[in-house]
Amino acid sequence: MSDSFGYRLFDTHAHLCFDSFDRDLEEVLRRARRAGVRDVLVPGTDPPSSIKAARMATVYEGLWAAVGVHPNEIEAVGDEGMEAIARTALRPRVVAIGETGMDLYRKGSPPAKQREWLRRHLELARALGRTLVAHSRAAEAEVVDAIGSCDPVPVVLHCYTGPVKLAVEAARRGCYVGLAGPVTYRSNRSLRELAGRLPPERMLIETDSPFLSPEPRRGSRNQPANLELVLQVVARAMGADPAGTASLLLDNSCRAFGVGEHRRTDLFYVLDGKMYVNLTGRCDNDCTFCIRNYQDGIDGYFLQHDSEPDPDRLRSGLALVRPDWFEEIVFCGYGEPTMRLGLLSELAEALSARGIPVRLNTNGLALSRIPEERVRRMVSLFDRVSVSLNAPDEESYRRISRPSAKNAWHYLQRFIDLCREIGCGLELTAVRGCGVSMKACEALAGSKGLRFRARG
């Protein structure tokens, strides 16, 4: 693909974690960049390849990961494999669940079992707000029927080669339809017809590397740089120019997988063996040092909110977590958790009932807007509470934390005393470099008999 055309493309399915790519992966990616391929989705087909795809996505710029169990791998993986997939799905830059689906061409597992595993993948995608990537070889009607409505998560029918009418119906239901190398084969007129009939906003292109090289490179190992050949054929079938089609397809891909301008907010993120819950984007402080004023996320996670997270998403996501997965679950994120006190209490109580340690990271101002009895009950649900002290005195606190509440320092001190009365594991924190003495903050904490931790 010539740079003079200015194409920017997203290869929405390339098996770059296959052993055939291990020796020269960086060269494969350089060729892709020269060809204008900006992003590549790397799918897993079992737990080991899913873990590898997730790791690659954090190392190589422009890579995203999908994690899942391919229908032909079900028997080898076994039921415990889905737990590994669910845990891997919480890693940064994992934007999709799959490659899952059904394959009635090879029939590695009974159709009923394949359908059940597809259902389990779909439930995981819905719980975590991820896109579902579905394989459907010789089983297109069965997969579309099993998926039903694509609400509330996007579904991609990867490397579609089935009937035109069925694909158009799937697109009407909200599915994205991925076209790969087979659309370029001379015998596949129906796929080129499909490219002309699909709603343009529901079409994706891919390579399925290292398989299914497009014409005229059939027989050689496929790679993302070949995406231009798919683009050229699809653009002709649509009666559109390649540059305009590339722009359309890039936007479709980013929307389908929730990246780029369409990046989805991560409600859960994992750091240092702990899982954090990004409960809200609201806060009644406007701290000068707050990380959300300077960046959109942490360690590859996107944490900014444009609306309040759906409670059912939070419930279903936390329901997946097993007690031995993490040291603790921390309610923190890009907002003040006690702004959603009822939901916070409900989720913490449910986790505690399952034997999972929970911690609250808070600005300590809940008493400025919530009756003390409710705050007391909420605090009692947590094993540990970390309070952002931020300053050693009231004047410094107003300057640095910029609270909206009047008498905020008073409410903060009362909250600290309340936590001490309850007897939860309590620590006070402040951020290095925020313009106050860490020694003075530590001395204040020590005067209350509390542990102090300098952050950042």
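Tabulated data for the structure shown
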{"read-out": "Residue ID - nearest to the chain's Cα centre (by Cα), chosen from residues in the range 387-403 that are closer than 22 Å to Val330 by Cα and of a type in the set (Ser, Thr, Tyr)", "value": "Ser388"}
{"read-out": "Members of the range 152-176 that are surrounded by 24 or more Cβ atoms within 10 Å (Cβ to Cβ) and of a type in the set (Val, Ile, Thr)", "value": "Val155, Val156"}
{"read-out": "Which numbered condition Asp46 fails, given (1) over 22 Å from Leu229 (Cα atoms); (2) out of contact with any helix residue (DSSP H, G or I) (no Cβ under 6 Å at 6 or more places or on another chain); (3) surrounded by 15 or more Cβ atoms within 10 Å (Cβ to Cβ)", "value": "(2)"}
{"read-out": "Looking only at the range 77-117, and only at residues there that are small (Gly, Ala, Ser) and touching a strand residue (DSSP E or B) at 6+ places or on another chain (Cβ under 8 Å), the one that is farthest from Glu142 (Cα to Cα)", "value": "Ala89"}
{"read-out": "The range 436-447: number of residues that are surrounded by fewer than 14 Cβ atoms within 10 Å (Cβ to Cβ) and in a loop (DSSP other than H, G, I, E, B)", "value": "1"}
{"read-out": "The range 275-284, residues that are in a strand (DSSP E or B) and in contact with a Leu (Cβ under 8 Å, 6 or more places away or on another chain)", "value": "Met275, Val277"}
{"read-out": "Extreme residue, surrounded by the most Cβ atoms within 10 Å (Cβ to Cβ), among residues of the range 380-399 that are within 21 Å of Arg432 (Cα to Cα) and of a type in the set (Gly, Ala, Ser)", "value": "Ala391"}
{"read-out": "Leu132 vs. criteria within 30 Å of Glu26 (Cα to Cα) and modelled with pLDDT of 95 or more", "value": "yes"}
{"read-out": "Tabulated pairs, the range 248-274, first in a loop (DSSP other than H, G, I, E, B), second among the polar types (S, T, N, Q), C-beta under 7 angstrom, 6+ apart or interchain", "value": "Gly258/Thr131; Thr265/Asn278; Thr265/Gln304; Asp266/Asn278; Leu267/Asn278"}
{"read-out": "Which listed residue, of Arg126, Arg137, is basic (Lys, Arg), closer than 20 Å to His262 by Cβ and in contact with a Pro (Cβ under 9 Å, 6 or more places away or on another chain)", "value": "Arg126"}
{"read-out": "Test: residue in the range 400-418 that is crowded, with 21+ Cβ neighbours inside 10 Å, part of a strand (DSSP E or B), at pLDDT 95 or above and not hydrophobic (A, V, I, L, M, F, W, C)", "value": "no"}
{"read-out": "Residue ID - surrounded by the most Cβ atoms within 10 Å (Cβ to Cβ), chosen from residues in the range 99-133 that are within 12 Å of the chain's Cα centre (by Cα) and part of a loop (DSSP other than H, G, I, E, B)", "value": "Arg130"}
{"read-out": "Yes/no for Ala32 being at pLDDT 95 or above and within 26 Å of Gly174 (Cα to Cα)", "value": "no"}
{"read-out": "Any hit, the range 427-435, residues being surrounded by 16 or more Cβ atoms within 10 Å (Cβ to Cβ), among the charged types (D, E, K, R) and under 20 Å from Leu360 (Cβ atoms)", "value": "yes"}
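Matching residues to (1) in contact (Cβ under 8 Å) with a residue 60 or more places away in the chain; (2) outside any helix (DSSP H, G or I); (3) surrounded by 19 or more Cβ atoms within 10 Å (Cβ to Cβ):
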site: Glu61; (1), (2), (3): no, yes, no
site: Trp64; (1), (2), (3): yes, yes, yes
site: Ala76; (1), (2), (3): no, no, no
site: Ile97; (1), (2), (3): no, yes, yes
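So that you can scan it fast, the table gives a plain yes or no per residue for (1) closer than 21 Å to Asp310 by Cβ; (2) hydroxyl-bearing (Ser, Thr, Tyr):
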| residue | (1), (2) |
| --- | --- |
| Ala240 | no, no |
| Ser247 | no, yes |
| Cys254 | no, no |
| His262 | yes, no |
| Val270 | yes, no |
| Asp286 | no, no |
| Ile291 | no, no |
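The values are calculated or read from the model by the stated rules, or taken from the named source; none is laboratory data. Because the structure is predicted, anything quoted here is derived from the model rather than measured. As a convention, Cβ positions derive from the backbone with ideal geometry for all residues, glycine included, and neighbour counts pool all protein chains shown.
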